[in-house]
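Novice: The structure is given below, and queries will be raised subsequently.
The values are calculated or read from the model by the stated rules, or taken from the named source; none is laboratory data. All of these numbers come straight from a predicted model, not from anything done at the bench. Positions of Cβ are generated from backbone atoms using ideal geometry, with glycine treated the same way; all protein chains shown enter the neighbour counts. Heads up: the accessible areas ignore ligands, DNA and RNA and are worked out on the full protein's heavy atoms, side chains in. Shrake-Rupley method; radii C 1.70, N 1.55, O 1.52, S 1.80 Å.
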Number of protein chains: 2
Amino acid sequence: MPQLPTTFAALGNATRLAIVERLLAEGELSAGALQVDKITPPAMSRHFKVLREAGILVQRVDAQRRLYSVKPEAVQEIGEWVLNFREFWTGSLDRLDAALKAEK
Amino acid sequence: MPQLPTTFAALGNATRLAIVERLLAEGELSAGALQVDKITPPAMSRHFKVLREAGILVQRVDAQRRLYSVKPEAVQEIGEWVLNFREFWTGSLDRLDAALKAEK
DNA sequence: TTGTTAATTAACATAGAAGATAATTAATTG
DNA sequence: CAATTAATTATCTTCTATGTTAATTAACAA
């Protein structure tokens, strides 16, 4: 997957990771709702673009609002990468693998 | 964990991700063994440094050689992050959570 | 239509990432 | 000791990331 480095890079910024975590915890939110004092709206807008282009966020338009949410596949992609190397960090996690496969 | 963005950033580079994947698949390897034609030794050396400082690799010295291997905790950290949001990508993965907890 | 709200795009500044070549350090071997 | 091997550090260059302010686009409301 040549997607993975891009996914990791997109999450490799504290502001963007915080955006993703809020969306994962609270569900769909508008750009404005995700706004934080520390960073200006244009800067936020660029972060959204990076996350969208990495395939991590989807945008939905509602009047002037832009509503963002996380694409489950993005999180899943990371989960699968970790599981690919599960033997490395014990083997007691083999059940996870089964669970993941059952879900497909 | 303020570690996570750093971890993701370190893996957000194709060369570094390839290094980590080789080490996960093949185990401990020397800097020389990880060398690829595309990139010069000094550039590789800097990548090792980034990965070390992110807490993803450990270095072991053997004569002139530097032997690298992956710290399991780094991979685990990512796995736990994914599991924290497991509800998001179904719920059929609750068993994973149990497995992870049992391991601690 | 005019003003307000929501977000993005434009243009610019600056810091950091990533690469190259050359030089250096350190350990091993002849 | 001199030469070789292994890897890193020094220096420099270039490109990209990230942030700012100002301007623009678009939808809604009075």
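Novice: Just by accessible area at a 1.4 angstrom probe, what is the order of A:71, A:49 from largest to smallest? Present the calculation step by step, with values, prior to reporting the outcome.
Specialist: Numbers: A:71 65, A:49 105 Å².
Sorted by accessible area, descending: A:49, A:71.
Novice: With unit charges on the beta carbons (Lys and Arg positive, Asp and Glu negative) and the dipole taken about the Cα centre of region B:1-92, which residue among B:11, B:34, B:64 sits farthest to the positive side?
Specialist: Of the options given, the answer is B:64.
Novice: Here's another thing I want to ask about it. If the label for residue A:43 sits 7 angstrom from Cα along the Cα-to-Cβ line, what are its distances to the same label in every other copy, in nm to one decimal, shortest first?
Specialist: Label-point distances to the other copies, shortest first: 3.1 nm.
Novice: How far is the Cα center of region A:1-38 from the Cα center of region B:21-76, in Å?
Specialist: 29
Novice: Residue by residue through region A:32-43, what is 3J(HN,Hα) from phi via Karplus (6.51 cos²θ - 1.76 cosθ + 1.60, θ = phi - 60°)? Round to whole Hz and write x for glycine and proline.
Specialist: x, 5, 8, 4, 10, 4, 4, 10, 6, x, x, 5
Novice: Excluding ligands, DNA and RNA, what is the accessible area buried between chains B and A, summed over both sides, using a 1.4 Å probe, to the nearest 100 Å²? Kindly include the intermediate steps, with their values, before the conclusion.
Specialist: Working: alone 7050 and 7050 Å², together 11120 Å².
Interface between B and A: roughly 3000 Å².
Novice: Points 7 angstrom from Cα along the Cβ direction at residue B:46 and residue A:35: gap in nanometres?
Specialist: 3.8
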